[in-house]
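Here it is, the structure, as structure tokens.
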Amino acid sequence: METEARHDALVNRQELIESGNVPRHIAIIMDGNGRWARQKGLTRAEGHRQGVKALKPIVKECAAIGVDVLTVYAFSTENWSRPQNEIDALMALLVEFLRSETEELKAEGVCIRTIGNISGLPELAQRAIQTAMAATAQQTRMVLNLALNYGGRDEIVRAINRWIQDNRSLTDNVLLTAPAMASYLDTAGLPDPDLLIRSSGEMRISNFLLWQLAYAEIYVTETLWPDFDPAELHKAIHAYQQRVRRFGGLRE
């Protein structure tokens, strides 16, 4: 995984757009809220609050640059093992974000979607999600995909089980194909991520989009998520634009 070390030069939005190689789909693992809070002597809840604040300008900047889909890892299937007070704070922040930002995101042309087992979330969070999705369903500038109660392994298992249910009446000779599998994933109808960004310097994908990241370019930054701003996003996209994607083939 390549870090940001060689890509510190500031790049503006127009330069990225004029390159003609803007990633269609960016996925982000928003890591480092807790460390950010600890460094400042604050609570983990405050770190998460600042992390939520950091998301809005990134969404707006992605839309302005011309990204079609932004998928952010907001709450994983493994996050349920955290202390209950932290889980409660995260769910409250999710509801607050959706209630306060949906209308502005709608005005920006952003369609809010989710991936993950949303039925496992608290009822209040489920209602806020459904309201936000309904309000922005007709927007076409960019999709903001919130990964909530999401795990890559869980998604694959759920997809296979749905395929089995839909094909029980067919002959035993019917086999699950890669295209069929993709159509049963939570991201069905969306392009696979071109670029995965992970903040806080950790070198792992943490059960995120295991199927979809097969050929994504990976960019890791030491910046903690609450400090991740549009300038950091520009660095990541610029690094992506310097790479040659061969998808298993040879460079001409």
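Kindly indicate which of 222, 155 is within 21 Å of residue 32 (Cα to Cα) and of a type in the set (Asp, Glu).
After ruling out the rest, the residue left standing is 222.
Filter the stretch 33-68 for residues that are under 15 Å from the mean Cα position of the chain (by Cα) and either buried (at least 21 other Cβ atoms within 10 Å of the Cβ) or among the aliphatic types (A, V, I, L, M) (or both) and give the result.
Answer for the stretch 33-68, where residues must be under 15 Å from the mean Cα position of the chain (by Cα) and either buried (at least 21 other Cβ atoms within 10 Å of the Cβ) or among the aliphatic types (A, V, I, L, M) (or both): 51, 52, 54, 55, 58, 59, 62, 63, 67.
Using the structure shown, decide if residue 208 is of a type in the set (Phe, Trp, Tyr), within 26 Å of residue 153 (Cα to Cα) and at pLDDT 95 or above.
yes
Hey, can you tell me all the residues within the stretch 1-37 that are at pLDDT 95 or above, farther than 17 Å from residue 202 by Cα and charged (D, E, K, R)?
Matches in the stretch 1-37: 24 only.
Let me ask something else. With the requirement that a residue be crowded, with 19+ Cβ neighbours inside 10 Å, assigned to a helix (DSSP H, G or I) and in contact with a Leu (Cβ under 9 Å, 6 or more places away or on another chain), what does the stretch 72-94 give you?
94
Report, ordered by the first and then the second residue, all pairs with beta carbons closer than 6 Å, sequence separation of six or more or different chains, a first member in the stretch 81-109 that is polar (S, T, N, Q), and a second member that is modelled with pLDDT of 95 or more and surrounded by 12 or more Cβ atoms within 10 Å (Cβ to Cβ).
Hits for this filter: 102/132; 102/135.
Within the stretch 106-126, identify whether any single residue is surrounded by fewer than 18 Cβ atoms within 10 Å (Cβ to Cβ), closer than 26 Å to residue 159 by Cα and acidic (Asp, Glu), and answer yes or no.
yes
Look at residue 112 and say whether it is outside any helix (DSSP H, G or I), free of Cβ contacts under 8 Å to residues at least 60 places away in the same chain and closer than 30 Å to residue 189 by Cα.
Considered against the rule, which asks whether it is outside any helix (DSSP H, G or I), free of Cβ contacts under 8 Å to residues at least 60 places away in the same chain and closer than 30 Å to residue 189 by Cα, residue 112 comes out as yes.
Tell me, which helices (runs of 4 or more DSSP H) lie completely within the stretch 143-245 with 3 or more residues that are surrounded by 21 or more Cβ atoms within 10 Å (Cβ to Cβ) and aliphatic (A, V, I, L, M)?
Correct list: 230-241.
The values are calculated or read from the model by the stated rules, or taken from the named source; none is laboratory data. None of the values given here were measured: they were computed from a predicted structure. Glycine also receives a Cβ, built like all others from the backbone with ideal geometry; neighbour counts cover every protein chain displayed.
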